[in-house]
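The values are calculated or read from the model by the stated rules, or taken from the named source; none is laboratory data. What you are looking at is a predicted structure, and each value in this text was computed from that prediction instead of being measured. Don't worry about glycine lacking a Cβ; one is built from the backbone with ideal geometry, like all the others, and counts go over all protein chains shown.
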Amino acid sequence: MRIGVDRESYTEDLTSFCRKKVLALRSDLENYIDKCPQFQSSFQPLEVLPASAEIIRCMAKAARLANVGPMAAVAGAIAELLGEELSGYCKDIIIENGGDIYLKSRTKRIITIFAGKTPFSNQIGLEIDANEFPLGLCTSSGTIGQGISLGKADAVIIKAKTASLADAVATAAANRIKSTEDLKLAIEFANKIKGVTGVIAIKDSKLAAWGKIKIIKLR
């Protein structure tokens, strides 16, 4: 996990604060999995126990909206909950957790897109205006990375109001892509989910996009 904040908000105490928060989130998740092992293994949404920890409820909600298992939202949920905690102390926040990002910024940001061996990798970026923050920007792939994907997309990038939702929908949309002919199907799936504001789907030399998406050339 990479965490960046504006210089004027940074203090040495933030480092230990972030570490404690992330360890607490992980502990809440592990404790719940000990009680309900299916939370870790299910590929379908699950109802969670009453009075579950915040991260459990966050992941379960995103999973229901995207119709995937709750672990599809874990990286985005951790970035999101940590980002929300830091929002009380920092003006600008970028948390990157294995391709899943929480963003809060006073200025526009450009996020470079990496999509494996496709011609788009590191050649294009997604420009996001300052008035759109905070938001989540998450990526799923069936050809790169260690995350579980049932598809063969090189990259599906979801922009959403929360990082947990973006993470879950990125997984669900990427699962639907086996060939370039499936790009439209994935886009149509994602754009129907409330809270999703933009989609980019990449397979081989083809790219499809929908929503509030501004793609710029980097090189």
Scanning region 183-219 residue by residue, those among the aromatic types (F, W, Y) and over 24 Å from T162 (Cβ atoms) turn out to be none
For region 174-198, what are the residues that are assigned to a loop (DSSP other than H, G, I, E, B) and within 19 Å of S42 (Cβ to Cβ)? R176
Would a scan of region 158-173 turn up a residue that is more than 19 Å from A75 (Cα to Cα) and not in a strand (DSSP E or B)? no
All but one of (1) at positive phi; (2) over 16 Å from the mean Cα position of the chain (by Cα) hold for I216; which doesn't? (1)
When every residue in region 81-119 that is among the aromatic types (F, W, Y) and either without any contact (Cβ under 8 Å) to a residue 60 or more places away in the chain or in a loop (DSSP other than H, G, I, E, B) (or both) is compared, the one surrounded by the most Cβ atoms within 10 Å (Cβ to Cβ) is F114
Confirm whether V74 is modelled with pLDDT of 95 or more, β-branched (V, I, T), crowded, with 16+ Cβ neighbours inside 10 Å and over 18 Å from the mean Cα position of the chain (by Cα). no
Whichever residue in region 199-219 is in a loop (DSSP other than H, G, I, E, B), basic (K, R) and modelled with pLDDT of 95 or more and, among such residues, is surrounded by the fewest Cβ atoms within 10 Å (Cβ to Cβ): K212
Does region 201-219 hold any residues that are touching a helix residue (DSSP H, G or I) at 6+ places or on another chain (Cβ under 9 Å) and not aromatic (F, W, Y), and which are they? A201, I202, K203, D204, S205, K206, L207, A208, A209, G211, K212
For K20, indicate whether it is in a helix (DSSP H, G or I), free of Cβ contacts under 8 Å to residues at least 12 places away in the same chain and either in contact with a helix residue (DSSP H, G or I) (Cβ under 8 Å, 6 or more places away or on another chain) or over 27 Å from V196 (Cα atoms) (or both). yes
Just the residues that are polar (S, T, N, Q) and under 16 Å from the mean Cα position of the chain (by Cα), please, taken from region 170-205. T171, N175, N191, T197
Considering only residues of region 149-172 that are surrounded by fewer than 24 Cβ atoms within 10 Å (Cβ to Cβ) and out of contact with any helix residue (DSSP H, G or I) (no Cβ under 8 Å at 6 or more places or on another chain), which is modelled with the lowest pLDDT? K152
